[in-house]
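Worksheet for the structure shown next.
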Amino acid sequence: MNAMLLETLGVVVAAVILTGVFGAVALRLTRRYSMRCQMMIVVMTVVVGMSASFAFAASRMQIEEDDLPLILGATILAGSGTMLLAWRLGNRLVEESRRISLHTRQLASGRPLDDHTVVSNWEYRQIDRELHNAARALHEARETNLRQEEARRHLITGISHDLRTPLAAIDAIIRAHEDGIIEDRVEFTTRLRAQSSRLGALVEDFFAFSLIEIDRVPLSPEPLDVADLVGDAVGTARNLGATVHLEVHESGGVTAFADPLSIERILMNLLANAVQHTPEGTAATVFLEADADAVRISVEDHGSGMTPEALEQAFDAGWRGDLARTRSTAPLATSGAGLGLAIARGLAVANGGTLEGRSPSGTGCRFTLTLPQRNRPHG
């Protein structure tokens with residue numbers, strides 16, 4: 001009895017292994033075929049292995065010969081039902097695979113993905129969800145690149161125009177002096193120096209922006225007394241004729257570890273921007289606040305404000321804003337290249353800080369420089 005049982009088990013195991021080997025070979029040969037075909041091979045391998053094993057086991061056991069066809073028929077019928085279910089599942093998986101392939105092609109071509117979501121199994125839904133997330137991220141990156149490219153084109157156009165203007169003025173002044181129209185040497189040198197200063201400011205802005213673009217800003221960070229630095233910048237603006245009000249909301253010393261020259265330039269750019277957009281006779285306001293983690297310097301004008309769209313573009317290179325908001329006689333001069341806020345934000349980021357703007361409707365604009373309040377790093 002034991003010998004017969006062992007023989008039966010051995011034959012059954014051999015049948016299972018043999019059908020498994022044939023199934024593996026069939027899967028290997030059809031690895032480039034449809035998923036439904038491979039699923040059918042798996043089911044057929046299982047059904048054939050079970051049927052062969054059961055038939056041999058039944059022949060060795062006390063089972064009536066009349067019952068054997070019935071049992072085999074039931075086994076085959078169950079296997080056929082399983083094959084139908086596998087075929088149905090394979091069709092569904094193939095359909096969803098094709099939809100994912102379509103989404104992948106749409107993603108590669110830059111087209112938006114259709115709204116139909118894969119609804120089969122968890123793994124396919126995850127893949128489809130990641131494809132949609134990637135499509136959204138690529139769309140946002142593409143929009144940002146297009147906006148930056150458009151800003152660069154405007155910047156190049158602006159550079160050629162801005163450089164041509166002072167150069168033409170210098171040429172006209174020299175010709176006027178040669179023709180005797182300008183006879184006063186002091187007037188001649190004053191006009192020439194003014195245009196030369198404007199040209200130098202343009203070149204300096206272009207150079208600073210190029211260093212920011214390639215992440216090569218020269219910095220010499222050191223512990224800064226922020227209150228003194230802000231006070232000096234406000235004093236400089238006042239000496240140039242600007243009306244600036246300073247509010248300090250911090251009684252103790254405020255220290256940040258940053259490059260003093262770049263922070264000073266940020267403040268002067270923000271002050272020049274605020275003074276230009278503040279109506280004559282109204283003061284621009286500077287706020288200094290601090291907490292345990294950060295120092296915040298805010299510069300606020302009292303002009304007509306900006307739309308959300310304009311505020312979003314205010315930090316783009318070459319953006320010049322609404323000329324209706326700008327005072328042509330503002331005491332703090334800028335190069336006029338539209339790089340002031342772009343340079344200010346680039347320098348803020350280079351110093352480990354941020355520069356953000358907001359504009360409540362009809363109440364002017366407020367730009368806030370945030371610097372981490374910390375000591376010199378150890379090590």
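List of remarks:
- In terms of its C-alpha gyration tensor, the range 185-244 comes out oblate, because a/c is 1.5 or above while a/b does not outweigh b/c.
- In the complete set of protein chains, residue-level accessible area for Phe22 is approximately 140 Å², probe 1.4 angstrom.
- Across Ile266, Ile214, the residue with the most accessible area heads the list, and the full order at a 1.4 Å probe is Ile214, Ile266.
- Compared with the direct C-alpha span, the chain from Val21 to Ser80 gains 19.1 nm at full extension, assuming 0.36 nm per residue.
- Area of Asp291 that stays accessible when all protein chains are in place (1.4 Å probe, Å², to 10): 70
- q = 0.20 Å⁻¹: log10 I(q)/I(0) that the Debye formula gives for the range 124-196, counting C-alpha atoms only: -0.85
- The Stokes-Einstein estimate for the range 116-253, based on a Kirkwood radius over Cα pairs and taken at 20 °C with 1.002 mPa s viscosity, is a diffusion coefficient of 100 µm²/s.
- With the Kirkwood sum run over all distinct C-alpha pairs, the range 161-211 has a hydrodynamic radius of 11.7 Å.
- For the listed peptides 27-37, 237-247, a ranking on the average number of other beta carbons within 10 Å per residue, highest first, reads 237-247, 27-37.
The values are calculated or read from the model by the stated rules, or taken from the named source; none is laboratory data. Just so it is clear, the structure is predicted and the values come from calculations on it, not from any experiment. Methodologically, a virtual Cβ is constructed for each residue, glycine included, from the backbone with ideal geometry; neighbour enumeration extends over all protein chains shown. To get the accessible areas, we keep the full protein, side chains included, count just its heavy atoms, and leave off ligands, DNA and RNA. Shrake-Rupley method; radii C 1.70, N 1.55, O 1.52, S 1.80 Å.
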